[in-house]
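One structure below.
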Amino acid sequence: MSATPRIGVLGAGGRMGRILVQAVQQAGYQLAAAVERPESSLVGADAGELAGIGTLGVKVSGQLADVLNDCEVIIDFTAPAATEQHLKLCREAGVAMVIGTTGMNDEQKAVLEESASQTPVVYAANYSVGVNVSIKLLELAAKVFGNTVDIEVIEAHHRHKVDAPSGTALMMGEAIADTLGRNLKEVAVYGREGHTGPRERQTIGFETIRGGDIVGEHTVMFIGEGERVEVTHKATNRMNFAAGAVRAAAWVVGREAGKYDMKDVLGFNNIQM
Ligand code: NAD
């Protein structure tokens, strides 16, 4: 872990990129580089001004290769094909990475694995510290309740979201299913309608709400006889992802080569339950 890591932000003009620049600044770390697509009109702009936090004196570059040597760690929230190229460059330069890009195909995931055999790479589908804490709580609840309760996952997102249930809801369902020795693919029930018959205990239900500007809300219910436990996470803006990614960046600098996730960053693997 480095006290003031030199961090490069890729996709610095994107929705997450701009907030990542803010999060690096808020954490008191050094923004060493900001990178956009070479053809982007944002190349040459000041990364701080783009992020709405005033001039930082870091100009957006169009080529990662030009600025890579200034960085100890790269945070990449861009797009799968771009991340694949960034992984190769960082591997050659021996620079650590924190990757938030989702939707990578099997080939791109293989490039990630290969890079992680030579440099440290953190990959998480959700960098929110709160979501990751929630998942740990879900594992604890699942372990203690075992097969004595019915489990339902309810998620709500804004009206523009195109997939359901959310990736985070599935992550939560998977963590619970793994803890209980169930296969989520076999036990998941998505929405209910018509004559469903009585509920089977082994199933894990998913319900989806879409509307307005909800950033992201997840509630998991453990429903027993005479009592119910609910674990809820509510995201109010994207800073929760950015702050988690910046925390991961500080953590990964100086680590051995390997593929890490937020459980490693947050030290969950050392917590006994
Ligand atoms: P966005 O489209 O607003 O931003 C992506 C940016 O990357 C754009 O500015 C684009 O120009 C830039 N980019 C593309 N190719 C590039 C390249 N070769 N070099 C440099 N920059 C390049 O998207 P977004 O909402 O910021 O999300 C970005 C990614 O992060 C998506 O895959 C999204 O699903 C993911 N995401 C992950 C988490 C998480 O916690 N893991 C959270 C939010 C978003």
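A few comments on the model shown:
- Residue pairs, from the table 88/259; 109/136; 59/259; 161/259, whose Cα atoms sit over 19 Å apart: 109/136; 59/259; 161/259
- Overall shape of the stretch 164-230 was characterised from the C-alpha gyration tensor. The equivalent ellipsoid obtained from it has semi-axes of 20, 16, 14 Å, in decreasing order.
- Of all DSSP-defined beta bridges confined to the chain, some 35% are antiparallel rather than parallel.
- Candidates 223, 75, 99: whichever shows maximal mean-square fluctuation once the chain is modelled as a Gaussian network with Cα springs under 10 Å: 223
- At R0 = 45 Å, FRET efficiency that the Cβ-Cβ distance of residue 40 and residue 223 yields, to 0.05: 0.35
- Peptide packing for 226-237, 189-200 was compared via the average number of neighbouring C-beta atoms within 10 Å per residue; ordered from the highest value, the list is 226-237, 189-200.
- Packing, as the average of other Cβ atoms within 10 Å across residues, places the peptides 101-111, 163-173 in the order 163-173, 101-111, highest first.
- Based on C-alpha pairs under 8 angstrom that are at least 6 apart in sequence, the chain has a relative contact order of 22 percent.
- Environment charge at residue 53 (Cβ cut-off 12 Å; Lys +1, Arg +1, Asp -1, Glu -1): -1
- Cβ-placed point charges (K, R +1; D, E -1), dipole of the stretch 1-147 about Cα centre in debye, nearest 20: 440
- Percent of Cα pairs exceeding the 16 Å cut-off, where the set is the stretch 80-143: 50
- A Gaussian network model of the chain, with springs between Cα atoms under 10 Å, assigns the largest mean-square fluctuation among 142, 47, 12 to 142.
- Whether the stretch 122-194 is rounded, prolate or oblate, judged on the alpha carbon gyration tensor where a/c under 1.5 counts as rounded: oblate
- Between the alpha-carbon centres of the stretch 204-271 and the stretch 82-117 there is a gap of 22 Å.
- Most mobile of 244, 254, 212 in a GNM of the chain (Cα contacts under 10 Å): 212
- Taking 0.36 nm per residue of sequence separation and removing the Cα-Cα distance, the residue 55/residue 106 pair yields an extension gain of 14.4 nm.
- Cα Rg, Dmax, the chain, angstrom units: 20.2, 64
Values in this text are rule-based calculations from the coordinates and carry no lab data. What you see is a predicted model, and the numbers here were worked out from it, not measured in a lab. Here Cβ is always computed from backbone atoms with ideal geometry, including for glycine, and neighbour counts include all displayed protein chains.
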